[in-house]
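**Student:** Quick one: the structure is below, and I'll ask about it shortly.
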Amino acid sequence: MPLSFPRAQPPALLRAWVAGSCPAACRASKLRLHATSGSGAVLKCRHRVNAGPFDTPIARLTSQATKATATSVKLQFNYALRIAQRRTYCSYHSRERTMSDRDVLPAAVKPTHYALSISNLEFKNWTYQGVVRIDLDIKSAGTEVVLNVHQLSIKSARLDGGDEGSVSYDKENQRVILAFKEYQAGKHVLEVKFGGIMNNQMAGFYRSRYKPKVPAAAGVPRDDEYHYMLSTQFESCDARRAFPCFDEPNLKATFDFEIEIPEDHVALSNMLEKETRKSRDGWKVVSFDMTPVMSTYLLAWAVGDFEYIESFTEREYNGKKLPVRVYTTRGLKEQGRYALEHAGPTVDYFSKIFRIDYPLPKVDLLAVHEFSLGAMENWGLITYRTTALLFDEKQSDQRYKNRIAYLVAHELAHQWFGNLVTMDWWSELWLNEGFATWVGWLAVDHLHPEWNVWAQFVSESLQTAFQLDSIRNSHPIEVPVRNALEVDQIFDHISYLKGSSVIRMLSAHLGTETFLLGVSNYLKAHKYSNATTNDLWSALSSASGQDVNAFMDPWIRKIGFPVVTLTEEPNQLTVSQARFLLTGDVKPEEDETTWWIPLGLKEGGKTAAEVDAGALTAKKDVLRTANDEFYKLNVDQNGFYRTNYPAARLQKLGAQRAQLSTEDRIGLVGDAAALAQSGDGTTAAFLAMVEGFGDEKEYLVWQQMLSALGHIQSIFADVPGVKDGLRKFSLKLLTPATERVGWTFEEGESLLTGQLRALLIAQAGLAGHEGVIAEAQRQFKEFAKGDCNVIHPSLRSPVFRIAIKAGGREEYEAVKAFYKNTTAVDGKEIALQSMGRVQSAELARDLLNFAFSPAVAVQDRHSVGISLASNSAVRVEVWNFVKENWESKVYPELSGNMVVLERFLKSGLSKFASWEVKKDIEGFFEGKDQRGYDRGLGVVLDTIAGAAKYREREAEGIKEWLTKAGYIQ
C-alpha cells in the first residue's frame, strides 16, 4: 500500500529500513522507505493488504492492526502519511500522474523509436545477447532514465554516446534505473546492451519443445527427446523479459528489429523481411522493415524450422492482393489449410465493415507448440497454440473447426481493435477483448451462417459471463489496474465475455450497421494512438444520435448485472430489477445500481420490434400486454440479464418452446437453473421444466441443459439418493435422443449434428446407458489392439471417457499410452481430459503426478485439473495434491507464468460445495504471497460458498421431487 509524503523538498535520494510490520497486518517483516526529489516519498512492502485510511507522523507510524517504529531511521523531514482507501499493491510513486491508481514509469521520458538487435543465441544454456537503441523525447532536465526490465542483465547503458551510466535495479517493480550526467530536455538516444534467457515459461522470448513430424533441419536445437522452436509472448507486460523497454500500452513507438539465427532457420517478425546477411560461420542476420507506431506488447518474433502455406486476399491493398500465410514447424503445414481458408476472407470482411483497409503488408499466422493462452494478436505475426490453428481432416475432432474459425477471426479483429487503436491503460482491456470477441463471432456468422453462432454465443459466452459476474468477487468490466501483476488476472470472463455480451446488447439496440459505423469513426479518429471507453461511446453517440454513455456507463463501471422479475396481473406486467447473486443474499448497499435494460418483449403473433416495450430504466415499472397466452422477455437473449418468471409461466414457456428461438430456449434453461441456485426459483421447477425437453433437436440447447444438469449433479453428488436419482433423470432424458442420433456420421451432415452426436453419446454413457457403454467398450478394445480407425475422431473423447469410467487401470493406462504416442494435433488434449474420468483415488493421484511430470507440457496441466475437478468421485484429490505439493511442484513449476498458476487453481478448486473445504483452502493460503493469483483464489472461495449454500437449502427439496417423480425408489 503506498504511503506518500506530500511534495516538498526531501533529499535527492533517501532509502532506509523501517523495523516492524506493514500497517493493516500485511505480514511484511520490513518496510522500505523511498524518497525521491519531485515525487515525494513512500513506504512499500511486498504484500497485498486491505486497509482503511489513517494519518500519523512518521515517528509514530501506527494502525489498529500493527505498529512500526521509525526510531532507527534518521530522517531529514517529518511529514504525514496516508494509506489510500483502496485495495492495491504496495509500491512507491515513480512519477507525477493524474491516475493515482497506476504504478507507471516517469512521464518526462517517452520513447519514439526502438532499434533492437538480438544475437549470440546459445542453445545449451539458452542465453542471448542484445542491444537496443531507443530514440527518446525528454520533456525536462534530469539525470535518470527508468525502463522496464525483468530477468535481464544490463551490460552497459549510454545516453547520446557519452559515458556509461550507473545501473540499479528495482526488481520488485521490474525496473532498471539508469543514472547519467545531467541531461536537458529534447531529443536523445539511449543505447543499452543486455543479456537475456530464452525461458520455458511461455512469456517473453521463450522456447517451445516439440517432436518433429519429419526430420528437422540440422541446426534445430534439440535434446534426447525434444526439438525446440523460439517465439515471443509479450502481452500483457512481458516485452520487458526480452529487452529493456518502456513497457506500457500508451508509450507507443516504431520498431526496427534484427536477429542472428542459424543459417538453416527461418525468422519471422511483425513486418516483411528487409534483408539477410551472413554473420559468423553457420549463422545469418535477418532484419525486418520498420513497424508502424505500436505498443511494446505487440512486437513479436519467432525462430525455427518453419515452412508455410500461402493464399491471397480477394481485395487489393495498396494496389495488390495481400499475402496470407500459415507457418508451422516442418511437416505440419497442411494442417494449417483450414485456418488459411478462413484468414483471407476474414481480413477482407473486417476491412469492409470497419471501412479501413488492413494496414500492414502481410498477415502471418504461426503455430507455437507451447502457448499459455489460445492465441496472441501480435501485429502482422499472430501466434496460436497448435490446437487453435491446426486441423487434420483425418484425425481431428470436428469440434475444433469451430474453435479455429473463431480464434482466427478474434485475433484478426485485434489488428484494428487493439493494434491500430489501443486502450490507453490496462483498466480498459475490455475495449480490446470484449470487442474482438463479439466481432469475431460476427465474422464466423458471416462465413458460416449454418452454424447458428449467436446461439452458441448465448450458450457459451453469455452463460459463462453470468457465472463469474454473479459472485461477489467479480469486478466491473472496466476495473482499476495498478501494475503488471494485476493485469494478467483481468484477462478473464468479465473482460472477454461480459464485455462482448454488453457490446452485443448495445449493437442489437442501435442496429448492427449503425454500431459498426460508430466503430469505424472511432478507429479513424484514434488510429495509431490510444483511446478510452468514453472515446468509443462518443463515436457511437455521434453515429446513432443517442447518448450512449448515459445508458451504458453502469454496465461498464459497475459490478454485477440484474435479474428482472415479472409479476403478472390482468393485461399488465410489473417488471422490477435488482442485482443478481448466486448466493441470493444481495445486501441493500450492493443493489444501488439502476441499469438500463432493453426489455425485448415478444408476444404471441408479434415480434419484439412490433411490441416495442422499450427499456426498464427504473427499479420497477408496469407494462401493458395484449396477450396473456404467450410472451417472452429478452428476445434472443440480447440483454445481459436474468429473467425471473412466475413459476406457472416458466412451465408454460417450457411447453411452448416451439415458439421460442434457439437462443431463447437456451436462455430459458440457463435462467431457470441459475435462479434455482440463488433461491429465486427452485431446482424442482427447473427439473420439471426440462423433463419435457427430450425431443429437443438443437445441439446448443442440449449443451445448455446438460451443463446445467451437470452442475446440479456435481453439487449434490454426496447427498444420499440424490446422485443416483439425478443420474436416472438424466438417463431418461438422454436415451431417446441418443438412440435417435446414433453412432454413424453421415456424408454431408452438418457440423452441429456431429457435435450433438458426440455430446449425447458421452453423457448417456457416463449416465449408465448400457447400450452406449457396450459399444464404447467394444470400440475401445479394438482401438487398444491397434485399430486406429475404429473410433471416429469426433467420438474419441466420448469413447475414452466412457471406457475409463466403466473400466479401471487397464483402460487408464491405454489412454496414457495414447497420450505419449499420438501425432494427432488434438490427441494429447483429449487424452488428458478423458483420463480425468477415473473412479479411484489411486488413479487420480497417478494422473496428477503424471500431469506434473516432464511428459506433460505446462500449458496443458490445467486440463487435468478441470477433468478431475468435474469428477465428483475424485475431485478432492486435486486439493490434496495442491496442499501436499505446493512448495515442491505446484508453485515452483507454475508460478513462472502467473496466468498458468491462477488458471490451474481456478479450474481445479472451484467445483467443491463444502464449507469445510472452503475453510481449509482459506487456512492453507493465509499468509502466503498471493500476488498474481489472489483474484482467482477469491473467485474459487466465492464459488464454493455459493455452491455450499445452494446444497444446504435445496437438498431436501430435490430429494422430495425426485422421489415423487419416481427417480428415487
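The values are calculated or read from the model by the stated rules, or taken from the named source; none is laboratory data. Keep in mind that what you see is a predicted model, and the values were worked out from it rather than measured. With ideal geometry, Cβ positions are generated from the backbone for all residues, glycine too; neighbour counts draw on all protein chains shown. Accessible surface is based on the protein model in full, side chains and every heavy atom, while ligands, DNA and RNA are left aside. Shrake-Rupley method; radii C 1.70, N 1.55, O 1.52, S 1.80 Å.
**Student:** Scan segment 667-693 for residues that are touching a residue at least 40 places away in the same chain (Cβ under 8 Å) and open to solvent by 20 Å² or more (accessible area, probe 1.4 Å) and jot them down.
**Tutor:** GLY679, ASP680, THR682, ALA684, ALA688, GLU691 - these are the residues of segment 667-693 that are touching a residue at least 40 places away in the same chain (Cβ under 8 Å) and open to solvent by 20 Å² or more (accessible area, probe 1.4 Å).
**Student:** Still on this structure: Just give me the residues in segment 457-480 being in contact with a helix residue (DSSP H, G or I) (Cβ under 6 Å, 6 or more places away or on another chain), closer than 16 Å to ILE503 by Cβ and not charged (D, E, K, R), in sequence order.
**Tutor:** Selection gives PHE457, VAL458, SER461, LEU462, THR464, ALA465, PRO476, ILE477.
**Student:** Also, quick follow-up: Which residue is surrounded by the most Cβ atoms within 10 Å (Cβ to Cβ), if the candidates are limited to segment 384-411 and must be more than 17 Å from the chain's Cα centre (by Cα) and over 14 Å from GLN335 (Cβ atoms)?
**Tutor:** ALA405
**Student:** Looking at LYS333, LYS321, which is the one that is among the basic types (Lys, Arg), within 26 Å of LEU230 (Cα to Cα), free of Cβ contacts under 8 Å to residues at least 40 places away in the same chain and open to solvent by 10 Å² or more (accessible area, probe 1.4 Å)?
**Tutor:** It is LYS333.
**Student:** Which number in (1) closer than 30 Å to CYS237 by Cα; (2) polar (S, T, N, Q); (3) open to solvent by 20 Å² or more (accessible area, probe 1.4 Å) marks the one condition that SER311 misses?
**Tutor:** (1)
**Student:** Would you mind stating whether ILE968 is in a loop (DSSP other than H, G, I, E, B) and in contact (Cβ under 8 Å) with a residue 40 or more places away in the chain?
**Tutor:** yes
**Student:** Quickly run through segment 466-485 and pick out the residues that are part of a loop (DSSP other than H, G, I, E, B) and over 20 Å from ASP238 (Cβ atoms).
**Tutor:** SER470, ILE471, ARG472, ASN473, SER474, HIS475, PRO476, ILE477, GLU478, VAL479, PRO480
**Student:** Taking segment 903-934 as the search range and keeping residues that are out of contact with any helix residue (DSSP H, G or I) (no Cβ under 9 Å at 6 or more places or on another chain) and not charged (D, E, K, R), which one is modelled with the lowest pLDDT?
**Tutor:** Per the criteria, the residue is GLY927.
**Student:** Next question, about the same structure. Name the residues in segment 940-969 that are closer than 22 Å to GLY865 by Cβ and either of a type in the set (Ser, Thr, Tyr) or modelled with pLDDT under 95 (or both), would you?
**Tutor:** The one that is closer than 22 Å to GLY865 by Cβ and either of a type in the set (Ser, Thr, Tyr) or modelled with pLDDT under 95 (or both): THR943.
**Student:** Also, I was wondering about something else. Filter segment 150-185 down to residues that are loosely packed, with under 14 Cβ neighbours inside 10 Å and out of contact with any strand residue (DSSP E or B) (no Cβ under 6 Å at 6 or more places or on another chain) and give me whichever is nearest to TYR206 (Cα to Cα).
**Tutor:** Selected residue: LYS171.
**Student:** Could I ask something else about it? Counting only residues that are on the phi > 0 side of the Ramachandran plot and part of a strand (DSSP E or B), how many does segment 613-645 have?
**Tutor:** 0
**Student:** Filter segment 838-885 down to residues that are open to solvent by 20 Å² or more (accessible area, probe 1.4 Å), without any contact (Cβ under 8 Å) to a residue 40 or more places away in the chain and of a type in the set (Ser, Thr, Tyr), then give me how many there are.
**Tutor:** 2
**Student:** While we're on this one: Go through segment 251-272 and count every residue that is of a type outside the set (Val, Ile, Thr) and either open to solvent by 20 Å² or more (accessible area, probe 1.4 Å) or in contact with a helix residue (DSSP H, G or I) (Cβ under 6 Å, 6 or more places away or on another chain) (or both).
**Tutor:** Qualifying residue count, segment 251-272: 7.
**Student:** Given the structure, is LYS139 within 28 Å of ASN483 (Cβ to Cβ), loosely packed, with under 15 Cβ neighbours inside 10 Å and not acidic (Asp, Glu)?
**Tutor:** yes
**Student:** Test each condition in (1) crowded, with 22+ Cβ neighbours inside 10 Å; (2) under 24 Å from the mean Cα position of the chain (by Cα); (3) closer than 21 Å to THR753 by Cβ for TRP702 and report the one that comes out false.
**Tutor:** Looking at each condition in turn, TRP702 falls short on (2).
**Student:** Here is a further query. Take THR464 and decide whether it is surrounded by fewer than 20 Cβ atoms within 10 Å (Cβ to Cβ) and over 14 Å from the mean Cα position of the chain (by Cα).
**Tutor:** no
**Student:** Right, next: Tell me, which residue of segment 904-935 that is touching a residue at least 60 places away in the same chain (Cβ under 8 Å) and under 16 Å from the mean Cα position of the chain (by Cα) is farthest from SER474 (Cα to Cα)?
**Tutor:** This residue is GLY932.
**Student:** Going by the conditions given, is ARG209 at pLDDT 95 or above, of a type in the set (D, E, K, R) and surrounded by fewer than 24 Cβ atoms within 10 Å (Cβ to Cβ)?
**Tutor:** Judged against the criteria, ARG209 is a match.
**Student:** Let me ask something else about it. Just for segment 212-245: of the residues that are touching a helix residue (DSSP H, G or I) at 6+ places or on another chain (Cβ under 7 Å) and hydrophobic (A, V, I, L, M, F, W, C), which one is modelled with the lowest pLDDT?
**Tutor:** Here the residue is CYS237.
**Student:** While we're looking at this one, here's another question. For segment 536-570, give me each residue that is more than 29 Å from TYR522 (Cα to Cα) and open to solvent by 50 Å² or more (accessible area, probe 1.4 Å).
**Tutor:** Of everything in segment 536-570, those that are more than 29 Å from TYR522 (Cα to Cα) and open to solvent by 50 Å² or more (accessible area, probe 1.4 Å) turn out to be THR567, GLU568, GLU569, PRO570.
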